[in-house]
Amino acid sequence: MNRIEKVCIFCGSSAGGNGLYVDAARRVGLELARRNIGLVYGGGGIGLMGAAAHAVIEAGGSVTGVIPHSLATKERALESDFDQHIELKVVKTMHERKALMTRLSDAFIALPGGLGTFDELFEALTWAQLGIHRKPIGLLNVAGYFDPLLDMLDRATGEGFIQPRYRRLVLVATVIDDLFEQLSNYTPPESIVQWVELEES
Ligand code: AMP
């Protein structure tokens with residue numbers, strides 16, 4: 001069993017077109033608080049990100065937002081109430097942000113989102129493939145949102161672009177409890193490069 005004290009969530013800064021997405025983000029937030037697991041995320045109060053973070057705060061859990069300086073000054077002045085309840089870490093660049101979010105967390109969960117979410121999910125997967133980290137990466141497939149993306153991964157695996165052991169890096173669930181169970185039971189694959197330090201990558 002992996003000890004999971006903090007989970008990093010990647011999800012939309014928009015709410016998306018189906019109410020089930022916001023609902024799922026809230027339920028994940030409530031579940032994190034219930035399990036006494038801290039949330040690490042991109043620091044925004046909007047969209048699914050905000051829904052997850054607000055739910056954790058409401059349930060008395062801990063939230064760490066990691067935000068680059070440029071986004072912090074642009075958006076955060078509007079959210080001072082929200083800021084009182086989260087630990088905000090302001091970093092210089094988007095790259096530093098992802099590195100810090102990775103370092104602070106024991107596992108990752110992706111929820112529906114757009115380019116930012118895809119970028120974060122795929123970077124976490126690529127870094128797992130390289131052995132830069134050995135943390136579990138789960139995807140909550142709300143209302144089949146990720147079906148085409150999973151099909152694409154299968155296609156890339158079938159065509160020999162992704163090795164089957166790395167295809168298995170993506171833990172997929174439709175039910176939150178199942179996702180947490182998979183994260184807890186995850187065993188990392190043998191990577192090409194073992195334990196590359198974040199700083200060297
Ligand atoms: P997207 O899926 O394109 O909406 O991007 C969401 C992801 O990118 C989140 O997981 C955040 O870490 C990051 N992100 C994108 N936009 C923002 C924003 N306005 N404030 C904070 N983080 C953001």
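The values are calculated or read from the model by the stated rules, or taken from the named source; none is laboratory data. Given the structure is predicted, the values throughout are model-derived calculations rather than measurements. We place every Cβ from the backbone using ideal geometry, glycine too, and count neighbours over all the protein chains shown.
Show the residue pairs meeting these rules: Cβ distance below 6 Å; 6+ apart or different chains; first residue within the range 130-145 and on the phi > 0 side of the Ramachandran plot and outside any loop (DSSP other than H, G, I, E, B); second residue surrounded by fewer than 23 Cβ atoms within 10 Å (Cβ to Cβ) and of a type outside the set (A, V, I, L, M, F, W, C).
Close Cβ pairs satisfying both conditions: A143/N18.
Out of S184, S105, S201, S191, report the one residue that is modelled with pLDDT under 95 and either surrounded by 16 or more Cβ atoms within 10 Å (Cβ to Cβ) or closer than 22 Å to L32 by Cβ (or both).
Within the list S184, S105, S201, S191, the selection yields S191.
Mind checking which pairs have a first residue in the range 153-170 that is within 23 Å of N185 (Cα to Cα) and a second that is outside any helix (DSSP H, G or I) and modelled with pLDDT under 95, Cβ under 6 Å, 6 or more apart or different chains?
R165/P189
Quick one: in the range 22-71, which of the residues that are among the polar types (S, T, N, Q) and more than 22 Å from G114 (Cα to Cα) is farthest from the ligand (Cβ to nearest atom)?
N36
Mind counting the residues in the range 17-37 that are small (G, A, S) and surrounded by fewer than 21 Cβ atoms within 10 Å (Cβ to Cβ)?
So the answer is 3.
Looking at the range 103-116, which of its residues are small (G, A, S), near the ligand (Cβ under 9 Å from one of its atoms) and not in a loop (DSSP other than H, G, I, E, B)?
The answer is A110, G116.
Which members of the range 1-18 meet the condition of being assigned to a loop (DSSP other than H, G, I, E, B) and hydrophobic (A, V, I, L, M, F, W, C)?
M1, I4, C11, A15
Return the only residue of D151, D147, D119 being of a type in the set (D, E, K, R), within 16 Å of the ligand (Cβ to nearest atom) and surrounded by fewer than 16 Cβ atoms within 10 Å (Cβ to Cβ).
D119
For residues that are aliphatic (A, V, I, L, M) and at pLDDT below 95, scanning just the range 122-134, find the one that is surrounded by the most Cβ atoms within 10 Å (Cβ to Cβ).
I132
Inspect all residues belonging to the range 104-127 and state whether any of them is under 14 Å from I67 (Cα atoms) and hydrophobic (A, V, I, L, M, F, W, C).
Among the residues of the range 104-127, at least one is under 14 Å from I67 (Cα atoms) and hydrophobic (A, V, I, L, M, F, W, C), which makes the answer yes.
May I ask you to verify whether D119 is part of a helix (DSSP H, G or I) and under 15 Å from V172 (Cα atoms)?
no
Which pairs have Cβ atoms under 6 Å, sit 6 or more apart or on different chains, and link a residue in the range 60-71 that is within 15 Å of R97 (Cα to Cα) to one that is of a type in the set (D, E, K, R) and within 13 Å of the ligand (Cβ to nearest atom)?
V66/K89; V66/R97; P68/R97
Return a yes/no flag: does the range 120-134 have any residue that is under 13 Å from the mean Cα position of the chain (by Cα) and within 15 Å of F180 (Cα to Cα).
no
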